[in-house]
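Written below as structure tokens is the structure these notes are about.
The values are calculated or read from the model by the stated rules, or taken from the named source; none is laboratory data. For clarity, every value in this text was computed on a predicted model and none was experimentally measured. Reconstructed Cβ throughout: ideal geometry from the backbone, glycine too, with neighbour counts over all protein chains shown. Surface areas here come from the heavy atoms of the whole protein model, side chains and all, with no ligands, DNA or RNA. Shrake-Rupley method; radii C 1.70, N 1.55, O 1.52, S 1.80 Å.
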Amino acid sequence: MVELKNVSVTYSNGVDALNNVSLTINDGEFAFVVGESGAGKSTLIKLLIKEISANSGSIKVNGFNLEKLRQKDIPKLRRTIGFVFQDFKLINTMNVYDNVAFVLRSIDAPAKYIRKRVPYVIGLVGLKDKMKAYPTEMSGGEQQRVALARALVNDPKLIIADEPTGNLDPKTSIEIIQLLQGINDCGTTVLMVTHEHELVKRFGGRTISLLDGKITFDDII
């Protein structure tokens, strides 16, 4: 579960990025966070992964109390979160299999588990025949599917997708959201951050709108 209570963030330049925000996202939910540039979306993400700290208020993510979280325990928090970026952030010198396996290797997962888990997750995103392909040989949509597999491979409680359709054409964008919905149907909480209102209207569901660091709308559409 994600829970923010009366959270405010003011940057050193005086910008109020978030202003007294309270928000709860329950386990198993799918929620869109929408807002234009400067609305506070990026600040929200940075708070949830403990990249920055709030000036006031309380934040809990997947059982971690972030105000009391010690620096050495931040990696434990981040292992419970899968992250999908707009620009994929794949390693071009690694093929699909190794890009996904890299996540598990970095936490010293057993080799036997990696050999079983990685092909399974790559298959879930529809790329079973692309395991030996390199990112530069793939379309943007395929690369984002690899990024989804990488986010999924450690079986996270929460997936944060930050503008995952920003570099994709409309048809591929729809496919990526459908994949995220399928992941959510299996029980993983999904928080998708986007400025693409038309996509949100098409799919509907819980939508949280940010404007000038405040939540202006939080309901099902």
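State the Cα centre-to-centre distance between region 1-77 and region 132-168 in whole Å. One Cα centre to the other: 23 Å. For region 39-56, backbone phi angles converted through the Karplus equation (6.51, -1.76, 1.60; θ = phi - 60°) give residue-by-residue couplings of 6, x, 5, 5, 4, 4, 4, 4, 5, 5, 9, 6, 7, 10, 10, 6, 6, 7 Hz, Gly and Pro being listed as x.
The portion of the accessible surface of the chain made up by carbon and sulfur, rounded to a whole percent, is 49 (1.4 Å probe; DNA, RNA and ligands excluded). For residue 18, the residues whose modelled amide H falls within less than 5 Å of its own, excluding neighbours fewer than 5 places apart on the same chain, are 9. In order along region 157-170, the Karplus-derived 3J(HN,Hα) couplings, from 6.51 cos²θ - 1.76 cosθ + 1.60 at θ = phi - 60°, round to 6, 9, 10, 9, 10, 9, 6, x, 9, x, 10, 10, 6, x Hz, and Gly and Pro are given as x. Evaluated with a Cβ-only charge set (Lys, Arg +1; Asp, Glu -1), the chain carries a dipole of roughly 1020 debye about its Cα centre, given to the nearest 20. Divide the volume of the convex hull around the Cα atoms of region 104-221 by the residue count and you get 132 Å³ per residue.
Express the accessible area of the chain per residue in Å², computed with a 1.4 Å probe while the remaining protein chains stay in the model.
Here the residues of the chain average 50 Å² of exposed surface.
GNM on the chain, alpha-carbon springs under 10 angstrom: the most fluctuating residue among 142, 175, 198 is 198. For the chain, the longest principal axis of the alpha carbon atoms and the long axis of helix 111-124 meet at an angle near 80°.
Annotation: amide H-H contacts under 5 Å for residue 159 (H modelled 1.01 Å from N, sequence separation of 5 or more, or interchain): 82, 189, 190, 191. Our summary gives the chain a relative contact order of 30 percent, counting only alpha carbon pairs under 8 angstrom and 6 or more residues apart. Within a straight-line Cα-Cα reach of under 23 Å, residue 112 can be paired with the following lysines, leaving aside sequence neighbours fewer than 8 residues apart in one chain: 76, 128, 130, 132, 157. Annotation: average projected area of region 1-133 is 10.2 square nanometres, based on the convex hull of Cα atoms across all directions. Our summary of shape: the Cα atoms of region 154-221 have principal axis extents of 34, 28, 19 Å, ordered from largest down, in whole angstrom.
Which value at 222 nm does the chain reach when only helices count, each DSSP H run of 4 or more adding -39,500 (n - 2.57), with the total divided by all residues and rounded to the nearest 500 deg cm²/dmol?
Mean residue ellipticity, 222 nm, calculated: -10000 deg cm²/dmol.
Of the GluC sites (Glu not before Pro) found in region 1-76, those that fall in a DSSP loop while having at most 14 other beta-carbon atoms within 10 Å are 36, 51, 67.
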